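**Q** Sharing a structure with you now.
The values are calculated or read from the model by the stated rules, or taken from the named source; none is laboratory data. Predicted model only: the values in this text are computed from it and were never measured. Please note: Cβ atoms are built from the backbone with ideal geometry, for glycine as well, and neighbour counts cover all protein chains shown.
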Amino acid sequence: MNNLATRSLTAVFFVIAMVGSALLGQNVFSGLLLIVTIYSLNEFISLIETEKTQPPKWATLLVGGITYSTLAANAMELIPASGIIVIIPFIFFLFLLELWRNKINPFGNIAYSIMAVAYIAVPFGLMMYFFNPVVLSGPFHYGIVLGFLVILWLNDTGAYFVGSLIGKHKLFERISPGKTWEGSFGGVLFALLTAWGISFIFRQLNVTQWMTLAIIIVISGTLGDLVESMLKRSLGIKDSGNILPGHGGLLDRFDAVLLSAPFVFVYLAFFCR
């Protein structure tokens with residue numbers, strides 16, 4: 001099977017899994033994101049492990065899983081907002097653990113573990129609030145989650161095709177030589193058109209809110225892509241993993257989500273009530 005066919009088949013299964021779980025509701029979607037969170041944390045720790053840098057993998061997975069699960073449980077109204085403070089002692093557990101591990105770079109290990117939790121577990125946890133009627137005005141609904149994902153995907157698709165056809169001016173050559181300004185503008189156009197169309201289907205937000213959301217997603221998602229490219233470039237690798245044939249690892253697939261989810265959460269929580 002050639003690379004294009006492999007990429008296309010993987011993309012189809014990926015979209016079915018994400019969209020299908022969202023349509024089935026918060027419980028199913030939260031379960032899928034928990035698996036994605038744990039695997040992404042494992043992928044991140046595996047990438048940065050060296051002879052001198054050895055974050056505690058299982059402790060990081062535990063703290064990351066608890067962080068995600070606590071946020072998701074609050075988003076599903078299973079625990080009160082005050083329950084989120086349970087995350088704090090687990091974060092500091094990572095400090096205490098290094099006393100017994102006797103590694104040569106203890107505070108570097110702590111820093112990478114906390115970075116993994118903040119960079120991966122927190123954004124995925126915040127995505128669960130996109131369903132939540134406490135945060136969003138209106139009834140429980142999957143429309144915000146689907147809209148968020150579709151806008152991200154169409155932005156990426158538009159940027160790729162427009163950049164491939166007419167891209168000449170590099171957007172951030174030092175980090176990602178393949179990205180161009182023309183491609184970015186193409187992604188913006190695709191995202192705005194998508195947001196406009198979605199506003200007639202999912203009416204939890206009005207057309208202005210959807211269009212604004214698209215701008216936030218495009219900017220933060222593009223920067224998220226660049227941040228992950230910066231990580232891979234600093235490590236001298238091409239892909240974060242190989243779990244998704246033709247696409248690399250989960251961090252490669254969710255790079256835009258990880259940086260855009262927190263900004264979208266803030267926008268929805270404070271400007272769309």
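**Q** Among residues belonging to the stretch 106-148 that are surrounded by fewer than 19 Cβ atoms within 10 Å (Cβ to Cβ) and at pLDDT 90 or above, point out the one that is farthest from ALA195 (Cα to Cα).
**A** PRO106
**Q** From GLY221, GLY183, GLY178, grab the single residue that is in the same structural domain as VAL162 (by TED's automatic domain parsing) and touching a Leu at 6+ places or on another chain (Cβ under 6 Å).
**A** Being in the same structural domain as VAL162 (by TED's automatic domain parsing) and touching a Leu at 6+ places or on another chain (Cβ under 6 Å) holds for just one of GLY221, GLY183, GLY178, which is GLY221.
**Q** Identify all residues within the stretch 37-60 that are buried (at least 20 other Cβ atoms within 10 Å of the Cβ), free of Cβ contacts under 8 Å to residues at least 60 places away in the same chain and assigned to a loop (DSSP other than H, G, I, E, B); write none if there are none.
**A** PRO56, the sole residue that qualifies.
**Q** What are the residue pairs meeting all of these: first residue in the stretch 73-96, first residue in the same structural domain as LYS57 (by TED's automatic domain parsing) and of a type in the set (S, T, N, Q), second residue modelled with pLDDT of 90 or more and surrounded by 11 or more Cβ atoms within 10 Å (Cβ to Cβ), Cβ atoms under 8 Å, and 6 or more apart or on different chains?
**A** Note: pairs meeting the criteria are ASN74/GLY83; ASN74/ILE84.
Each row is one residue, and each column tells you yes or no for (1) touching a Gly at 6+ places or on another chain (Cβ under 8 Å); (2) of a type outside the set (Phe, Trp, Tyr).
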site	(1), (2)
TYR160	yes, no
PRO177	no, yes
GLY186	yes, yes
LEU189	yes, yes
ALA195	yes, yes
PHE202	yes, no
GLN209	no, yes
LEU213	yes, yes
ILE216	no, yes
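**Q** Of the residues that sit in the stretch 181-218 and are of a type outside the set (A, V, I, L, M, F, W, C) and closer than 26 Å to ILE166 by Cβ, which one is surrounded by the most Cβ atoms within 10 Å (Cβ to Cβ)? Outline the logic, then answer.
**A** First pass over the stretch 181-218, keeping only residues of a type outside the set (A, V, I, L, M, F, W, C): 182-184, 186-187, 194, 197, 199, 203-204, 206, 208-209, 212.
Subset that is closer than 26 Å to ILE166 by Cβ: 182-184, 186-187, 194, 197.
Working: GLU182: 18, GLY183: 25, SER184: 22, GLY186: 23, GLY187: 27, THR194: 22, GLY197: 14.
Out of the qualifying residues, it is GLY187.
**Q** Now for a separate question. All but one of (1) at pLDDT 90 or above; (2) under 24 Å from TYR119 (Cα atoms); (3) among the hydrophobic types (A, V, I, L, M, F, W, C) hold for VAL207, so report the exception by its number.
**A** It is condition (2) that VAL207 fails.
**Q** May I pose another question? Please find, within the stretch 153-180, the residue that is surrounded by the most Cβ atoms within 10 Å (Cβ to Cβ) out of those that are among the basic types (Lys, Arg) and without any contact (Cβ under 8 Å) to a residue 12 or more places away in the chain.
**A** It comes out as LYS170.
**Q** All but one of (1) more than 30 Å from VAL207 (Cα to Cα); (2) part of a helix (DSSP H, G or I); (3) among the hydrophobic types (A, V, I, L, M, F, W, C) hold for LEU78, so report the exception by its number.
**A** The failed condition is (2).
**Q** Among the helices (runs of 4 or more DSSP H) confined wholly to the stretch 88-193, which include 3 or more residues that are under 16 Å from the mean Cα position of the chain (by Cα)?
**A** 122-127, 143-166
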